[in-house]
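Laboratory data are not the source of any read-out in this text; all were calculated from the coordinates shown. Owing to the predicted nature of the structure, the values given are computational and were not obtained by experimental measurement. Because the Cβ atoms are built from the backbone with ideal geometry, glycine has one as well, and the counts that use them run over all protein chains shown.
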Amino acid sequence: MKQFLFHLKVSRPGLWFPTIWLYMLPFGGHQFWVEPMFWLGLLYVTFPLNFLIYGWNDVVDYETDQLNPRKDSFLFGAKGTKDQLAELPKAIIKVQLFFCLIFIVLEGWGMVLLFAVLGAILVAYNFPKKGLRNMPGLDLAAQFGYLLVVPFSIMVNDLSDLRWLTYFYLLLFAVQSQLIGEVMDITPDRKAGRTTTATTLGMRATKVLIIIIVAIETSLLFFAYGDYIFGSMLGLGLIWLVLDLTLIYKTKRYTLEQMQLFGVGSNVVALVSMAYVWWSGCLL
């Protein structure tokens, strides 16, 4: 049970919402709850997929995580010992092989290509010392890997593909999420000598970049998709980001309690927006 709880914490349940959100996106009003394959796919994009993504990251981020106050929680992930991290790759491989074989058998060789691309991106990102995780700018490009959840959902649930503009919107969403995480971790990353986009640009410039990205997302929702409800929800978030930079926190470091509050709030917003996007089909 102790090992199971550690593995669950490694998968960061508090950060499952991006993969679940992306998995749900292509449904657009479909009655997903009646399909067994939906539940199998949903299971994979929660623990197994995030166990792979974050577990691999934890193995190569040991020094940085020891300095990170928000680690060692089910919201933001585990802070494993060297012994725990040493056994982690074997557990990750076992879980991945089990689910990958199931989906390859059920869905065919297209799944082999999808899993191969995902693996290549993770290798490139987490490669020791010279991985994309240590290359400002390229650490953001690696977030393209999250978008693979969408074709995975389409293949598993036999859904229609999305238009290219939606993939562009989702890429902005993934980059924005990465930058927000880097802002929260900017102090421990600098202490550990890790180079990211945020440590290179600084907190103020990174927050400005986040505001620009969210402004583009909001504009797309208003003018390209013509959805004023979802656009207004994102617009409120944009106003908060501007106030955060100019009046409230500015370039101050967030406390652990504040980061936990942001984490819980992100899950609530994700749940509400997920329900709306499914009901309205606004991004299809």
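Given the alpha-carbon gyration tensor of segment 1-90, what are the semi-axes of its equivalent ellipsoid in whole angstrom, ordered largest first, with each equal to the square root of 5 times an eigenvalue?
Equivalent ellipsoid semi-axes, largest first: 29, 13, 10 Å.
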Query raised in the report: Cα to Cα, under 15 Å, and not fewer than 8 places away if on the same chain: which aspartates and glutamates meet these conditions relative to K71?
Result: D58, D61, E63, E182, D185, D189, E257
Query raised in the report: Using alpha carbon centroids, what distance separates segment 56-93 and segment 210-247, in Å?
Result: 34
**Report entry** Gyration tensor (alpha-carbon) shape descriptor, segment 103-215, a/c threshold 1.5
**Finding:** oblate
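In square nanometres, what is the average projected area of the Cα convex hull of the chain?
Mean shadow area of the hull around the Cα atoms is 14.4 nm².
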Requested in this report: Take the cross-link list K9/K130; K79/K252; K9/K250; K82/K207; K82/K252; K129/K250 and give me the ones stretching past 29 Å between alpha-carbons.
Outcome: K9/K250; K82/K207; K82/K252; K129/K250
**Report entry** Spin-label model distance (nm) - L97 vs E63, 7 Å beyond Cα toward Cβ
**Finding:** 3.2
Report summary line: Going residue by residue through segment 7-15, the Karplus relation 6.51 cos²θ - 1.76 cosθ + 1.60 with θ = phi - 60° gives ³J(HN,Hα) values, rounded to whole Hz and with x marking Gly or Pro, of 5, 5, 5, 4, 6, 6, x, x, 10
Query raised in the report: In whole angstrom, how far apart do the alpha carbon centroids of segment 255-284 and segment 9-24 sit?
Result: 11
